[in-house]
Amino acid sequence: MLDLQGIKEIVGLVSRMQILCEGFDDLNKNSVLTSKVKVLLEVSDKKDVSPNKLKSAVGLAKSNLTLLCNSLIKDDLLTKTRDKFDSRAICYNITQKGQEYLNSVLSQMKKNFEGELAYKNNIKQIETAVKNLQELIK
């Protein structure tokens, strides 16, 4: 069972991980981990992702998700298809261009992580927090 210190470490890990994923530091205040990237991440490893699954995974309201997905479709990063058996149902898939965009974002995140680990050498703290997180979600 986790104690308050374990919860504190997990929250700290989430905060640090979000900062690393977003690429936020004193020099670069541009966010990398946008809703756009979250959608592309969610559909990248799956086939035919429904709007409901996507909504839950990304944490966006249905109307906001629809607008975002329509924008991604317009930019040729995502495709939308109708279900063969139920023409009312739709699903999303990532395009090659979308995968290339996502890979470039992931490469930037990798650089952020490597830089942070090399600079602060805090891998032990991260390992402890990850173990606590794994214990929490078992």
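The values are calculated or read from the model by the stated rules, or taken from the named source; none is laboratory data. Since the structure is predicted, the reported quantities are computational estimates derived from the model, not experimental observations. Counting neighbours? That spans all protein chains shown, and the Cβs are built from the backbone with ideal geometry, glycine included. Accessible surface is based on the protein model in full, side chains and every heavy atom, while ligands, DNA and RNA are left aside. Shrake-Rupley method; radii C 1.70, N 1.55, O 1.52, S 1.80 Å.
For the reader, a short list of remarks on this structure follows.
- Residue in segment 71-80 that is at pLDDT 90 or above, open to solvent by less than 40 Å² (accessible area, probe 1.4 Å) and not in a helix (DSSP H, G or I) present: yes
- Among residues of segment 38-63 that are farther than 19 Å from Arg88 by Cβ and of a type in the set (S, T, N, Q), those with a Cβ under 8 angstrom from a residue that is outside any helix (DSSP H, G or I) and modelled with pLDDT of 85 or more, sequence gap 6+ or separate chain, pair up as Ser44/Ile94.
- For segment 95-116, the tally of residues that are open to solvent by 40 Å² or more (accessible area, probe 1.4 Å) and at pLDDT 90 or above stands at 6.
- In segment 62-69 there is no residue that is hydrophobic (A, V, I, L, M, F, W, C), in contact with a Gly (Cβ under 7 Å, 6 or more places away or on another chain) and at pLDDT 90 or above.
- Taking segment 1-52 as the range and being closer than 19 Å to Leu133 by Cβ, part of a loop (DSSP other than H, G, I, E, B) and modelled with pLDDT of 65 or more as the test, the residues that pass are Asp3, Leu33.
- Count of segment 48-70 residues, restricted to those that are under 16 Å from Lys97 (Cα atoms) and surrounded by 15 or more Cβ atoms within 10 Å (Cβ to Cβ), is 1.
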